[in-house]
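What follows draws every value from the coordinates through simple rules; no lab data is involved. Source: prediction; values computed, not measured.
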Amino acid sequence: MSVQARVEALKHKHAVLEEALHTEYTRPKPDETAINELKRNKLKLKEEISRLEIN
């Protein structure tokens, strides 16, 4: 897998997590633990994307 393909796959995963986060926020009683985990995973993906794009 090329670096660009890896970045695109990570961006897709990031978008999926963003949608899951939005869904969790719009629930009647959002699960704060789930929200924090989604945010943490999004941040990890964003950091990896940035690292790959710099190189």
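I'm spelling it out carefully: the read-out is Kirkwood radius over Cα pairs in Å, the candidates are (i) 13.9; (ii) 11.9; (iii) 15.9, and one was derived from this structure. Which label?
Among (i) 13.9; (ii) 11.9; (iii) 15.9, the one calculated here is (ii).
Once both axes come from the Cα atoms, what is the angle between helix 32-54 and the longest principal axis of the chain, in degrees from 0 to 90, rounded to 10?
10 degrees
Hey, what angle do you get for helix 3-25 against the long axis of the chain, alpha-carbon based, 0 to 90 degrees rounded to 10?
Compared with the principal axis, the helix lies near 10 degrees.
Below 21 Å Cα-Cα, how many Lys pairs turn up in the range 3-54? Only count pairs eight or more apart in sequence, or on different chains, if you could.
9
With each run of n ≥ 4 DSSP H residues scored as -39500 (n - 2.57), what mean residue ellipticity at 222 nm is computed for the chain after dividing by its residue count and rounding to the nearest 500 deg cm²/dmol?
-29500 deg cm²/dmol
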